[in-house]
């Protein structure tokens, strides 16, 4: 990190060099501290959102696992966890399947109205969530989908598809079409070619698109508030109503678990990225 | 591109040509006879057909998603657009009254004739059985307070009136408001089934009986102030993310790749962490009994009574949203800065420029596309934000989206919610077109 400064740098430049590093350090602190601070707070022994004197003196009495226990035993939270996974998994499956196929179509040559189509397919990502949520609430109430699992899954799938379309289209930019022709000329039919040649090559793009779609659904809170009801409550739904009504450190325990979950996801994506880079490096 | 298309076609329809190619001597090209494929179709038409089939194949791949998005997303948005302009309540529950009112001149200052009152009695009697007539009162109450109670009262009492009339005096005796010209003007103004009324209301405008549109008096303006506050706070948040994001992006772009990749994780971790987690932690940090206040009291900077209120106001919204949106600024800035060769700065310095001068004259102008991309992106996300302002915004830190949610789920004035939503959507779309011009939506980077 510490690059040697050239000998001709003046004093002011030296001071500025280190001052700049300190400023950047403070900004990184601003970025990370709020996320890390909830970890110790979640082990609080009393129902406060702040550090107690016992905690600051590292007295074991000040710490407890009661909020994790509360989370684990609560029917509400358990239901929320189940719903979160059910809704995220199904909406990811729909979004990934439809998004991948559409991206394959969009990456072919001479697609008519490509820009317009792309703009429409990406629109769920562009329109502010509150507006999507509002419109979905109005429309889904008309067709009796409001307050059903199916309604929430469809809504989340719609929100997730743009990410799949974007990532898979990006993977297909460097895709060598003569491979398909080679497979065809060797006697493979369309389906075999797709599963044996195309899918393995675009898989990293599909997986990272699916991860984006999953996290979109898993994190989503605006649409679920409008389209869902208590029966469809997800973890974010439960957190939102928890913060609004009775604020308890159980939320901090859940938040800590979610931070760990997002670190795991981040690692997965980083590993995927490195893998693709390595593969590209080998090819080049 | 063109060549590639042709190559592709040549392969696709090789079996069509092969006979032509083998059987036809070179001289055929010069002859007047059009070149045909094996089954006698002119080559030009066969090519066009193959091209068309290719296009249809692409569209067939895109269509499942297109239909899905149309059903689950575009139709809801269309539904909202429709709700912003449709206004069927008055005309469907007071059909006779609306028809009779056509004859009445609302600018004359006189009350409508007897036949209008008779029509009103007939309409209310019919609607009273189902109690749906109160919906008219509810609707008109948005425009003129007091209409709700008027219709509730009329719904109870009008069915008890004697048959045969005359009704005018009898109805006025029930409630003096029926002798008010303004009451009738409101009913007439809102009798068409399509209305721009919600849009006027969303922009703090009102329609006078004469048909003019005028701005509400200062103290009654809600939404213009709210739009203005949303834009102002979003602008401020964008500025804060730029000030904090620029040094970080610069540091990431100038450090060796190995170090910067590690530091990039520190930017991506908040980006991947649930939005509610980040909002929760800001509540824990900023509230009166929170970590920051406790710390300031502990180091005796403030005393226990004068704890700072940093949450449930505009400060809370700005701090939490700056933190949440910072990665959206850093990432586009970083991707632009990565492409600026380091030799530019070295060249400027070696030509005698002071490093600071070199930075502002050479480096900074090159980062303008990144500033534009990040700035517009943060601004767009910010003006449509709902969750964080709702949880930490209190009274002074709420955005237009919070009022949309309020009208959908609390006041149930869906028309107004839809109109506010459409104005916000229009604003966002204009900004996106700008964004598309600068960066291109296709180039959007994800993480």
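The values are calculated or read from the model by the stated rules, or taken from the named source; none is laboratory data. What you are looking at is a predicted structure, and each value in this text was computed from that prediction instead of being measured. Please note: Cβ atoms are built from the backbone with ideal geometry, for glycine as well, and neighbour counts cover all protein chains shown.
Here are some notes:
- Within segment A:95-127, considering residues that are touching a residue at least 60 places away in the same chain (Cβ under 8 Å) and more than 8 Å from chain B (Cβ to nearest Cβ), the one farthest from residue A:170 (Cα to Cα): A:95
- Out of B:172, B:186, sole residue that is more than 23 Å from residue B:83 (Cα to Cα), modelled with pLDDT of 80 or more and part of a helix (DSSP H, G or I): B:172
- The set of residues in segment A:30-40 being facing chain B (nearest Cβ under 7 Å) and in contact (Cβ under 8 Å) with a residue 60 or more places away in the chain consists of A:35, A:38.
- Residues satisfying the stated conditions in segment B:64-97, i.e. farther than 26 Å from residue A:100 by Cα and surrounded by 19 or more Cβ atoms within 10 Å (Cβ to Cβ): B:79, B:80, B:83, B:84, B:87, B:89, B:90, B:93, B:94, B:97
- Segment B:105-118, residues that are in contact with a helix residue (DSSP H, G or I) (Cβ under 7 Å, 6 or more places away or on another chain) and buried (at least 19 other Cβ atoms within 10 Å of the Cβ): B:106, B:112, B:116, B:117
- Considering B:377, B:333, the condition of being in a helix (DSSP H, G or I), within 14 Å of another protein chain (Cβ to nearest Cβ) and at pLDDT 90 or above is satisfied by B:333 alone.
- Residue count for segment B:380-399 satisfying the condition of being away from every other protein chain (no Cβ under 14 Å) and either touching a strand residue (DSSP E or B) at 6+ places or on another chain (Cβ under 6 Å) or closer than 14 Å to residue B:237 by Cα (or both): 1.
- Filtering segment A:231-248 to residues that are away from chain B (no Cβ under 12 Å) and at pLDDT 85 or above leaves A:231, A:232, A:233.
- Residue B:356 being touching a residue at least 40 places away in the same chain (Cβ under 8 Å), part of a helix (DSSP H, G or I) and either within 30 Å of residue A:244 (Cβ to Cβ) or out of contact with any strand residue (DSSP E or B) (no Cβ under 9 Å at 6 or more places or on another chain) (or both): no
- Annotation: residue B:100 fulfils all but one of (1) touching a residue at least 60 places away in the same chain (Cβ under 8 Å); (2) surrounded by 15 or more Cβ atoms within 10 Å (Cβ to Cβ); (3) more than 9 Å from every other protein chain (Cβ to nearest Cβ); the unmet one is (1).
- Number of the condition not met by residue B:420 [criteria: (1) part of a helix (DSSP H, G or I); (2) within 11 Å of chain A (Cβ to nearest Cβ); (3) at pLDDT below 90]: (3)
- Filtered residues of segment B:67-89 (kept if touching a helix residue (DSSP H, G or I) at 6+ places or on another chain (Cβ under 7 Å) and either without any contact (Cβ under 8 Å) to a residue 40 or more places away in the chain or more than 7 Å from chain A (Cβ to nearest Cβ) (or both)): B:68, B:69, B:72, B:73, B:75, B:76, B:79, B:81, B:84, B:87, B:89
- Listed conditions (1) more than 30 Å from residue B:264 (Cβ to Cβ); (2) away from chain B (no Cβ under 12 Å); (3) out of contact with any helix residue (DSSP H, G or I) (no Cβ under 6 Å at 6 or more places or on another chain); (4) assigned to a helix (DSSP H, G or I) are all met by residue A:18, apart from (1).
- Odd one out for residue A:116, checked against (1) touching a helix residue (DSSP H, G or I) at 6+ places or on another chain (Cβ under 9 Å); (2) assigned to a helix (DSSP H, G or I): (1)
- Of all the criteria given as (1) assigned to a helix (DSSP H, G or I); (2) more than 9 Å from chain A (Cβ to nearest Cβ), the one not satisfied by residue B:34 is (1).
- Among the residues of this structure, residue B:340 does not count as one that is in contact with a helix residue (DSSP H, G or I) (Cβ under 6 Å, 6 or more places away or on another chain), within 20 Å of residue B:279 (Cα to Cα) and not in a helix (DSSP H, G or I).
- Every test in (1) touching a helix residue (DSSP H, G or I) at 6+ places or on another chain (Cβ under 7 Å); (2) more than 10 Å from chain B (Cβ to nearest Cβ) is passed by residue A:43 save one, and that test is (1).
- Which numbered condition residue A:73 misses (of (1) within 13 Å of another protein chain (Cβ to nearest Cβ); (2) free of Cβ contacts under 8 Å to residues at least 24 places away in the same chain): (1)
- Verdict on residue A:172 being more than 8 Å from chain B (Cβ to nearest Cβ), assigned to a helix (DSSP H, G or I) and out of contact with any helix residue (DSSP H, G or I) (no Cβ under 7 Å at 6 or more places or on another chain): no
- Residue check, residue A:90 part of a helix (DSSP H, G or I), touching a residue at least 40 places away in the same chain (Cβ under 8 Å), away from chain B (no Cβ under 11 Å) and under 17 Å from residue A:249 (Cα atoms): no
- The set of residues in segment B:149-169 being surrounded by fewer than 18 Cβ atoms within 10 Å (Cβ to Cβ), touching a helix residue (DSSP H, G or I) at 6+ places or on another chain (Cβ under 9 Å) and part of a helix (DSSP H, G or I) consists of B:149, B:152, B:153, B:156, B:157, B:159, B:169.
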